[in-house]
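Report on the structure given below.
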Amino acid sequence: MNRSFYGNKVLSYSFLTAMIMVAVEVSPVIGIFCAFLMGWKWVVEKRGWRPLSRRWTGILSILALIQVLVQFRTIVGQEPAYTFLLALSALRVMDYKTDRDHRFIVLLGFLLISIKALFSLDIYWIVPSVFAFAGLWYSLLPPAYPQRLRLTIKMFILSMPLAMFMFFAFPRFVLPWAMSRGASQQAEVGFSDEISPGRVADIASTNAMAFRARLHNLPLFITSDMYWRGSVLNVSKGLSWSPGRAAGLNHLQKIEDLPSYDVAIEATSQRYIFALEGTRIVRSEFGGIVPLEQDVFRSTRILSKATVYVGFWDKDYINREQPTDQDLQTPPLRGKVREWVDAVNGKKLNTKGRLAEIKNLFSETGFFYTIAPGTYGPNDLEEFLFTRKRGFCEHYAGAYASLARGLGIPARVVIGYQGGRYNPWGDFWRISQKDAHAWAEVFVDGHWQRVDPTAWVAPLRLSIGAEEFFNLSEEDQKAFAKSANWRPTWANSTMIWDQITLWAEDLNYQWTYFLIDFDRGSQKNFWQNLLEQRGPLILFLIAVALFVYVAVRHRFRKAKKLSPSQKLLLEIEQWGLSKNLKRESQQPPLIYFEKISEAYPQLKPVLEKIGHSYDRHVYAEDLTAGEDIGSLRTEWKEEIKKGPF
């Protein structure tokens, strides 16, 4: 008899939950394709549509594999594995008919749940994962099996102590095939080491998590104080900038007694380490972070999974690296830009006077800060500065640095993140993609100094953070962007939903940080602390051993109490369960044998013999009847092998 996928509600709900958990991580095209197949399967079973043949599902499986190899150039990694497994799962559901298909679908469901747990540490996925996992196990048990739900819960309860012990006691190994997200063209965080008009705006258009930071005792309390450096750009094309000379290793001496902060960064498939301005050293448990020139840091390995690192911050630090000729090179300046630069140079001002002229240009001539300024070319300085005057942070930073170079002042662009959202529940900052930012640096008075033109055009963006700023209407952004102290009316009210969101975010952060930070050193401390309590530990182990001994002994004693006739009856009951022939409570064995005989007449002769022997042995207490049980048991096994059933 053919099985029905949607007819088995526990299986279908559990498997669909597992698929949805993975579908949120893949391309929408793959998600739509899988949803189409699942819908097709539904109308096949419910409306009698023509199903897709196994031949076509096989061809589509091969095409899915080819598509993954073409897109990612590998089958190894997070995104390729997600994509292929999800497509394969939907195609296998189309073939779902037999018990063998059922078991394979359950296996695929376990794989989907496992790969989600491997790459995602968010606590939000625990509930759907447990639901899907338990449902898949439940669907494996025969429908006639007594107390299926109780058995499933019992399995979970018994497995929890072992799972916890393995987590705390045994080291975790990074699987080679889990080290990469695949050769995707865009990383999870989406950060890039160059800017062109619209690049940072594209990153900031989403609210995905970039990293979380806990500042401890650092004297930084407001968003406008926090600049997270990612990369320094030296090659100017006007509004477009890219990295210049390869930064060499900056050998730092060990610095003691500096305040520190912790960062938990999401998987990026890149090497960028984001550090606060003034950071002198960055350390991590895996030890693979190196300091480079220009006050930037890089990981020696790809950040293919969430990672925790610690930054050591010096409030008095000043970068005195000498500028190079590259820090003065400018693209061809044309039209009004050349006229403006020549006019300022003609005034014979000192360095600070020339920088003040650039500030006046941005502050007094009606510039508007927007995430959607329209399209600019790489060197559309004239159109940006003197015509449209609409731009995002990268437009202002790139234009400022280009003008400074045109006035003979060494300048460069820094990209990273600015600000964040503070969570008072967990005392940490959440930095999202919306906080992506670009600013400029100029070499004045013998050291590099930060200059952020956004502070003149839209100081409100820096004072309330990107998330709240871009939640404002465009009218409010335009009207209040220059009012750093203005706040929307809803900003002063504390809604219950906001508190719940902050609490849930804190809970997720604590969970994620615990999982990431529980490294080999933590496991070593776990064993050391455990061994220090030798007395209680020995007593606990003795108690566990006694409990196991008593439980096993009780189990074997219970098994020994069964007579040969009862053991044979138990075997027949188990076989009947597999055929949906359950023995009802208090049902006499002979009546149960008749029930099986009605369903399978070919078994009637052997069941009559077994029933007669059982009746004499158990009820008539004829001890000699037990001697026939061995031969009857053999005859029973031979009969059920003949089949078919």
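The values are calculated or read from the model by the stated rules, or taken from the named source; none is laboratory data. A quick note: this is a predicted structure, and the numbers were derived from the prediction, not measured. Here Cβ is always computed from backbone atoms with ideal geometry, including for glycine, and neighbour counts include all displayed protein chains.
Of the residues Leu65, Leu11, Leu69, only one is surrounded by 18 or more Cβ atoms within 10 Å (Cβ to Cβ) and in a helix (DSSP H, G or I); which?
Unique residue meeting the criteria: Leu11.
Could you give me the residue pairs with C-beta distances under 7 Å whose first residue belongs to region 122-144 and is on the phi > 0 side of the Ramachandran plot, whose second residue is assigned to a loop (DSSP other than H, G, I, E, B) and acidic (Asp, Glu) wherever it lies, and which are 6+ apart or on separate chains?
Sorted first by the residue in region 122-144, then by its partner, the list stays empty.
Filter region 207-246 for residues that are aromatic (Phe, Trp, Tyr) and out of contact with any Leu (no Cβ under 8 Å at 6 or more places or on another chain) and give the result.
Matches in region 207-246: Phe211, Phe221.
Would you check which residues across region 446-482 are in contact (Cβ under 8 Å) with a residue 12 or more places away in the chain, in a loop (DSSP other than H, G, I, E, B) and over 23 Å from Ile195 (Cα atoms) and list them?
Scanning region 446-482 gives Gly446, Leu472, Ala481, Lys482.
Using beta carbons and a limit of 8 Å, which pairs, at least six apart or on different chains, have the first residue in region 325-339 and in contact (Cβ under 8 Å) with a residue 60 or more places away in the chain and the second one surrounded by fewer than 16 Cβ atoms within 10 Å (Cβ to Cβ)?
Gln326/Arg245; Leu328/Gly408; Val337/Phe386
Going by what's in this entry, would Arg298 be described as in a strand (DSSP E or B), modelled with pLDDT of 90 or more and assigned by the TED database to the domain that holds His437?
Yes, satisfied.
Sort through Leu141, Leu239, Leu233 and tell me the only one that's buried (at least 16 other Cβ atoms within 10 Å of the Cβ), outside the structural domain of Pro323 (by the TED database) and modelled with pLDDT of 80 or more.
From the options Leu141, Leu239, Leu233, the qualifying one is Leu141.
Scan Leu303, Leu349 and give me the residue that is in a loop (DSSP other than H, G, I, E, B), at pLDDT below 90 and not charged (D, E, K, R).
It is Leu303.
Name the residue, out of Ala372, Ala401, that is closer than 21 Å to Asn345 by Cα and in the same structural domain as Gly335 (by the TED database).
Every option except Ala401 fails the conditions.
Which helices (runs of 4 or more DSSP H) sit wholly inside region 76-166 and have at least 2 residues that are within 30 Å of Glu584 (Cβ to Cβ)?
99-119, 126-140
Pick out the one residue from Gly366, Gly335 that is assigned by the TED database to the domain that holds Thr268, more than 45 Å from the chain's Cα centre (by Cα) and loosely packed, with under 14 Cβ neighbours inside 10 Å.
Within the list Gly366, Gly335, the selection yields Gly335.
Yes or no, residue by residue, for (1) under 25 Å from Ser224 (Cα atoms); (2) modelled with pLDDT of 95 or more:
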residue: Val308; (1), (2): yes, no
residue: Lys315; (1), (2): yes, no
residue: Pro332; (1), (2): no, no
residue: Ile358; (1), (2): yes, yes
residue: Arg388; (1), (2): no, no
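Take Asn8 and tell me if it is within 30 Å of Lys579 (Cβ to Cβ) and modelled with pLDDT under 90.
Spelling it out, it is not the case that Asn8 is within 30 Å of Lys579 (Cβ to Cβ) and modelled with pLDDT under 90.
Picking from Glu321, Glu266, which residue would you name as being surrounded by fewer than 16 Cβ atoms within 10 Å (Cβ to Cβ), touching a residue at least 60 places away in the same chain (Cβ under 8 Å) and in contact with an Asp or Glu (Cβ under 7 Å, 6 or more places away or on another chain)?
Glu321 is the lone residue from the list that is surrounded by fewer than 16 Cβ atoms within 10 Å (Cβ to Cβ), touching a residue at least 60 places away in the same chain (Cβ under 8 Å) and in contact with an Asp or Glu (Cβ under 7 Å, 6 or more places away or on another chain).
Considering only region 202-240, how many residues are of a type in the set (Phe, Trp, Tyr) and without any contact (Cβ under 8 Å) to a residue 40 or more places away in the chain?
The total comes to 1.
How many residues does region 36-50 contain that are closer than 12 Å to Ala90 by Cβ, surrounded by 15 or more Cβ atoms within 10 Å (Cβ to Cβ) and of a type outside the set (Phe, Trp, Tyr)?
Number satisfying all stated conditions: 3.
Would you check which residues across region 418-456 are on the phi > 0 side of the Ramachandran plot and out of contact with any strand residue (DSSP E or B) (no Cβ under 9 Å at 6 or more places or on another chain) and list them?
Passing the criteria: Asp445, Gly446.
Can you say whether Asp314 is buried (at least 16 other Cβ atoms within 10 Å of the Cβ), over 30 Å from Ile115 (Cα atoms), among the acidic types (Asp, Glu) and touching a Lys or Arg at 6+ places or on another chain (Cβ under 8 Å), as far as the supplied structure shows?
Criteria not met by Asp314.
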